[in-house]
Amino acid sequence: MLAKRIIPCLDVKDGRVVKGINFINLKDAGSAIELAERYSDEGADELVFLDITATQEKRNILIDLVKQVAKVIRIPFTVGGGIKSSDEIDEILKAGADKVSLNSSIVKTPGLIDEASKRFGSQAIVAAIDVKKSGDNYKVYVEGGRKETSLDGLSWCIEVCERGAGEILLTWMDKDGTRSGYDLEFLKKLGEEVTIPIIASGGAGNMMHFYEAFHKAETDACLAAGLFHYGEMKIGDLKSFLINKGIEIRL
Amino acid sequence: MIAIIDYGAGNTASVANAIEEIGEKFEITNREGKICKADKIIFPGVGEASSAVRKLHMLNLINLLRILNRPLLGICLGMQIFCNRLIEGNVSGLGIIDIDTEKFKSANVKVPQMGWNRVQVERENPLFSGIESGEYFYFANSFYVPLNKYTIATSEYDVNFSSAVNKNNFFGVQFHPEKSGKNGILLLRNFIERC
């Protein structure tokens, strides 16, 4: 069977990593390439690069970064951040990325999922969905969590699956950075409703949180940023912990 | 010289990067003369099956691929195209392996299969030289090649399926060696040096 995946996420701006730059022993702390190599050596199963550049030259810088990362990294990686069209996806995949993650653009134009999954295959299309709790339900947010939409979290997850997305990257905006654990109840419910893999993001604070997401909620992958960036948790240690708990993990 | 067949497959750049790391000379090409002269041929593949096969027809590569006698490695969709028929888009493949592809059932497992799965080496083959049975490789597929007499390695996902095949000079892997870390590089090196 498939191993459960551990995925570090790198925020990049103008081609440089902006979070998690206090790693020791790095020649160039902001180098996306060096950090990516380091995570890959530590046993990361995949990497996600989230581009938060706001300038006009954004796309060229990003394409250049993707090309460089693809030259040195021999594990899959996903690129996201402001991708709006099928042609932009084509450019990023041709530069060497394995998948793209789409967020605000698919809320605005849901048909982009259908179009892109037909053109590139479902395996290349990750639907990134940001939610916040609202009463008993979840509301979908866009533009980096700044703007509330009318979409219900669970219904939108089901819709992206039906439209052909290959994976869901689900982030709890209100949990992000709190280190209080994943929302297991919602994760479990979502796993019963959709037939594509789910990557859980936002809220992990210790190794037990990862274990619970895999064991209790049967999620397929966990993504984290700060926890790994600031050296509080080593990917290798986390993986050993999970193996000892009986979770299927690649070492 | 390694020829990497250029027909717009999504993983072409990554395969080229991996070959470059190995230090072997390669060319990304769809010209018959170059492909025929190459010592080894890599046939990448990511994307939707019927559009990939259509592209191969447009480039006049279907018959050429069938009659090549140099070692050829099909990766992912590249391996699936060895089959008689691909049920994704219901198109004819090369017919090198007399079997049709099948789809994982989403009632039982998440589809696509995305991630690292164990590969059990069932028959000794130079492709897996120095690679232990049960190592992890990276997969990203909804369709698979069922077990058949050319299966050399298997993996389990809902069913037991062919994760590698070999018939004469045709080698195929369902996983992505170019994205499978050190084991993947070793497998590509084996193909170049030992197959």
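For peptide B:10-17, the mean count of partner chain Cβ atoms within 10 Å of a residue's Cβ comes to 6. Loop-located trypsin sites (Lys or Arg not before Pro) across region B:67-115 with a Cβ neighbour count of 11 or fewer within 10 Å are B:K105, with loop assigned by DSSP. Think of it as helices only: each DSSP H run of n ≥ 4 in chain A is worth -39500 (n - 2.57), and spread over all residues that comes to -10500 deg cm²/dmol at 222 nm.
Peptide B:175-184 has a mean shielding of 3, counted as Cβ atoms of other protein chains within 10 Å of each residue's Cβ. Would you mind pulling out the separation of the Cα centroids of region A:107-143 and region A:157-197, in Å? Taking the Cα centre of each part, region A:107-143 and region A:157-197 sit 11 Å apart.
About the centre of its Cα atoms, region B:2-194 shows a dipole size close to 340 debye [charges on the beta carbon of Lys, Arg (+1) and Asp, Glu (-1) only; nearest 20 debye]. DSSP finds beta bridges in chain B, and of those with both partners inside it, around 60 percent are antiparallel.
What shape does region A:5-244 take by its C-alpha gyration tensor, where a ≥ b ≥ c are the square roots of the eigenvalues and a/c under 1.5 counts as rounded, a/b above b/c as prolate, and the rest as oblate? Here region A:5-244 falls in the oblate category. Dipole orientation for chain B: of the candidates B:A9, B:S92, B:Y136, B:S92 has the Cα lying most toward the positive pole (charges on Cβ; Lys, Arg +1; Asp, Glu -1).
Taken about its Cα centre, region A:35-117 carries a charge dipole of about 160 debye when Lys and Arg each add +1 at the Cβ and Asp and Glu each add -1 at the Cβ. When chain B is treated as a GNM with alpha-carbon contacts under 10 Å, the residue of B:E20, B:E178, B:E88 showing the greatest mean-square fluctuation is B:E20. Coupling constants for region B:89-96 follow from the phi torsions by the Karplus curve (6.51 cos²θ - 1.76 cosθ + 1.60, θ = phi - 60°), and in residue order they are x, 6, 10, 6, x, 7, x, 6 Hz; glycine and proline get x.
Here the Gaussian network model covers chain B, with springs between Cα atoms less than 10 Å apart; of B:G115, B:G33, B:G184, B:G33 fluctuates the most.
Remark on A:G203: its backbone amide H falls under 5 Å from those of A:G177, A:T178, A:R179, a criterion applied only to residues 5 or more positions apart or on other chains, H modelled at 1.01 Å from N. Answer rounded, prolate or oblate for region A:129-225, using the Cα gyration tensor with square roots of eigenvalues a ≥ b ≥ c: rounded when a/c is under 1.5, else prolate when a/b is larger than b/c, else oblate. Oblate shape, in that a/c is at least 1.5 and b/c is the bigger or equal ratio. Considering only B:N30, B:F175, B:C83, the residue lying farthest towards the positive end of the dipole of region B:2-194 is B:N30, judged by Cα position with unit charges set on Cβ.
Applying a DSSP loop filter and a limit of 15 other Cβ atoms within 10 Å to the trypsin sites (Lys or Arg not before Pro) in region A:122-153 leaves A:R146.
About its Cα centre, the dipole of region B:80-133 is roughly 260 debye, where the only charges are +1 on Lys and Arg Cβ and -1 on Asp and Glu Cβ.
Near the amide H of B:E135, within less than 5 Å, lie the amide hydrogens of B:V119, all on another chain or at least 5 residues away, with H placed in the peptide plane. Does the protein assembly as shown classify as rounded, prolate or oblate by the C-alpha gyration tensor (a ≥ b ≥ c root eigenvalues; a/c under 1.5 gives rounded; else a/b over b/c gives prolate, otherwise oblate)? Prolate is the answer for the protein assembly as shown, as a/c is 1.5 or above and a/b outweighs b/c. Whole-Hz Karplus values for region A:229-235 come out as 4, 8, x, 6, 10, 8, 4 Hz, taken residue by residue from phi with 6.51 cos²θ - 1.76 cosθ + 1.60 and θ = phi - 60°; glycine and proline positions read x. The phi torsions of region B:98-109, fed into the Karplus equation with coefficients 6.51, -1.76 and 1.60 and a -60° offset, translate into couplings of 7, 7, 10, 6, 10, 10, 4, 8, 5, 5, 9, 9 Hz, rounded to whole numbers, with Gly and Pro shown as x.
Take each residue of peptide A:66-75, count the partner chain Cβ atoms within 10 Å of its Cβ, and average: the result is 5. State the answer as a single residue: which of A:G181, A:A200, A:N60 lies farthest towards the positive end of the charge dipole of chain A, with beta carbon charges of +1 for Lys and Arg and -1 for Asp and Glu, about the Cα centre. So the residue we want is A:N60.
The value of relative contact order for chain B, using C-alpha pairs under 8 Å at least six residues apart, is 19 percent.
What separates the Cα centres of region A:205-250 and region B:60-130 is a distance of 33 Å. Springs join every pair of Cα atoms under 10 Å in this Gaussian network model of chain B, and among B:A13, B:A140, B:A107 the largest mean-square fluctuation is at B:A107. Compute the relative contact order of region A:5-244 as a whole-number percentage, counting only Cα pairs closer than 8 Å that sit 6 or more residues apart in sequence. That works out to 18 percent. Only beta bridges with both residues in the protein assembly as shown are counted; by DSSP, about 40 percent of them are antiparallel.
Every number here is computed from the coordinates shown, using simple stated rules; none is lab data. Keep in mind that this is a model prediction, so the values were computed, not measured. Positions of Cβ are backbone-derived with ideal geometry, glycine not excepted, and every protein chain shown enters the neighbour counts.
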